[in-house]
Structures are given as structure tokens and as C-alpha cells.
1. Measure of size requested: the Rg and Dmax of the chain, with Cα atoms as the atom set and Å as the unit; please supply both.
2. Based on other C-beta atoms within 10 Å, arrange 1, 77 from fewest to most.
3. Please report, largest first and rounded to whole Å, the three semi-axes of the ellipsoid equivalent to the stretch 24-70, where each semi-axis is the square root of five times an eigenvalue of the C-alpha gyration tensor.
4. Projected onto the charge dipole of the chain (+1 at Lys/Arg Cβ, -1 at Asp/Glu Cβ, origin at the Cα centre), which of 11, 30, 43 gives the Cα projection farthest towards the positive end?
5. Taking the Cα-to-Cβ direction at residue 30 and at residue 4 and moving 7 Å from each Cα, how far apart do the two end points lie in nm?
6. What is the distance, in nm, between label points placed 7 Å from the Cα along the Cα-to-Cβ direction at residue 14 and at residue 56?
7. For residue 79, which aspartates and glutamates qualify as cross-link partners when the Cα separation must be under 12 Å and same-chain residues fewer than eight apart are set aside?
8. Calculate the dipole size of the stretch 24-70 relative to its Cα centre from +1 charges on Lys and Arg beta carbons and -1 charges on Asp and Glu beta carbons; express the result in debye to the nearest 20.
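Every number in this text was worked out from the coordinates using simple rules, so none of it is lab data. These figures come from a predicted structure and were not determined experimentally. Methodologically, a virtual Cβ is constructed for each residue, glycine included, from the backbone with ideal geometry; neighbour enumeration extends over all protein chains shown.
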Amino acid sequence: MKPIVATLAVLLLLLQYTLWAGQGGLRDVWHYKQQIAEQQEENRVLSERNRALEAEVLDLKQGLEALEERARSELGMVKEGETFFQVIGE
């Protein structure tokens, strides 16, 4: 009877080791959960950035006002026949 109990105890310890520290064990599961959470956060940030860029692209494709505003502010362009006045701060 004692050899059977000892054998079962050893098997139980081996199974517990595999569960806690072996390949695919709880330690790996915890590590993978951390990686998934980090990747989901990165995906969320990138999705927000993509939505902002997509909105900007649509605005530039459809609206001439956005394109004209960019040309005026970033490139200093003026319309033909238009006079540009620069007001210096007081």
C-alpha cells in the first residue's frame, strides 16, 4: 500500500510542477495575458491615430477649404489678385 501512495504522491508532484512551471503552465499563461494586454493597448492607440489620419485624408480629398487653409498657413500662399496684410502684435 505504501508504494502505491508514494507513486501517487510523486505523480501528483510532477503534475503540479507541469501545471505551475512547465511549458504551457500558469506562468506562461500569465506572461501571455500580459503580452495580450500590451498589444491591445498599442492597437487602441494606433486605431485612434488611423481614424484621425483617415479623417484628415477625407477632408483633404473632399473639401477644398481644408486644402486652401493648409496652403495659406503652411506655405504662405495667397489667391490671385488678393493682397496680403500681416498685422504685427501690439
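1. 32.5, 106
2. 1, 77
3. Each semi-axis is √(5λ); the values are 42, 7, 4 Å.
4. 11
5. It works out to 3.7 nm between the two label points.
6. Going from the residue 14 label point to the residue 56 one covers 6.1 nm.
7. Within the straight-line cut-off, residue 79 pairs with 68, 69.
8. For the stretch 24-70, the charge dipole is close to 360 debye.
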